[in-house]
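To start, the structure under review is shown below, and the notes come after it.
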Amino acid sequence: MTDHVLTLKDMTHGSGCTPRTVRYYERQGLLRALRSSGGHRLFAASELERLNFIISLREAGWSLEEVTEFLALREASKTDGQALATFQATIETQMERLERKVAVLQRLQDDLAQTAKVMRVCHDCTTVHERVDCQTCERVPSLGALPRPFRVIWRGRELDGATLYDEHGADPEDNG
């Protein structure tokens with residue numbers, strides 16, 4: 001361990017996570033800490049980088065098991081050649097997974113941005129009327145042309161049992 005050590009408080013400030021999370025990752029063997037004479041956790045500065053990497057992987061949707069296996073990849077391999085091959089295969093698989101996830105997030109962001117535009121139009125109606133009849137509104141697109149969040153949340157009552165639009169065609173994900 002270097003001369004520069006971090007406390008649990010330093011780890012939480014440097015990562016934005018809670019003390020409970022740091023302690024949990026330590027119990028799981030993902031982080032290593034020494035103890036001071038008073039029993040306080042002391043981390044090498046490199047453990048903060050490791051913690052932030054773990055947090056990034058978890059936020060990207062990796063399971064705790066996947067993170068654990070990934071971080072132990074080199075030590076679990078018999079040779080560096082084997083470790084490198086496994087490392088490369090894992091990275092390629094995860095990059096493909098992230099690309100799919102980014103595409104989903106981009107579609108969701110686009111849906112929400114379009115919904116925000118429609119909501120600005122609807123704002124005038126909802127401030128003037130106690131109950132709004134969206135079915136007769138000429139200011140917003142037809143039900144099938146509305147962005148999915150608006151259609152599902154705001155106009156959902158119209159969807160109950162009705163076939164007002166081609167549900168298969170309404171989702172770009174279904175058209176492939």
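The values are calculated or read from the model by the stated rules, or taken from the named source; none is laboratory data. Bear in mind that the values here come from a model prediction, so they are computed numbers and not experimental data. A quick note on method: Cβ atoms are made from the backbone with ideal geometry, for glycine too, and the neighbour counts reach across all protein chains shown.
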Of all helices (runs of 4 or more DSSP H) fully inside the stretch 1-119, the set with 1 or more residues that are more than 30 Å from residue 148 (Cα to Cα) and within 20 Å of the chain's Cα centre (by Cα) is 8-15, 19-27, 45-59, 64-71
Only one of 70, 53 is outside the structural domain of residue 155 (by TED's automatic domain parsing) and in contact with a helix residue (DSSP H, G or I) (Cβ under 7 Å, 6 or more places away or on another chain), namely 70
Being of a type outside the set (Lys, Arg), surrounded by 11 or more Cβ atoms within 10 Å (Cβ to Cβ) and farther than 30 Å from residue 5 by Cβ narrows 64, 98, 34 down to just 98
Of (1) at pLDDT below 70; (2) of a type outside the set (Lys, Arg); (3) in a loop (DSSP other than H, G, I, E, B); (4) closer than 30 Å to residue 100 by Cβ, residue 141 satisfies every one except (1)
Practice prompt. Answer yes or no: is there a residue in the stretch 49-60 that is farther than 27 Å from residue 7 by Cα and not aromatic (Phe, Trp, Tyr).
Written response: no
Within the stretch 157-176, identify whether any single residue is at pLDDT 70 or above and aromatic (Phe, Trp, Tyr), and answer yes or no. no
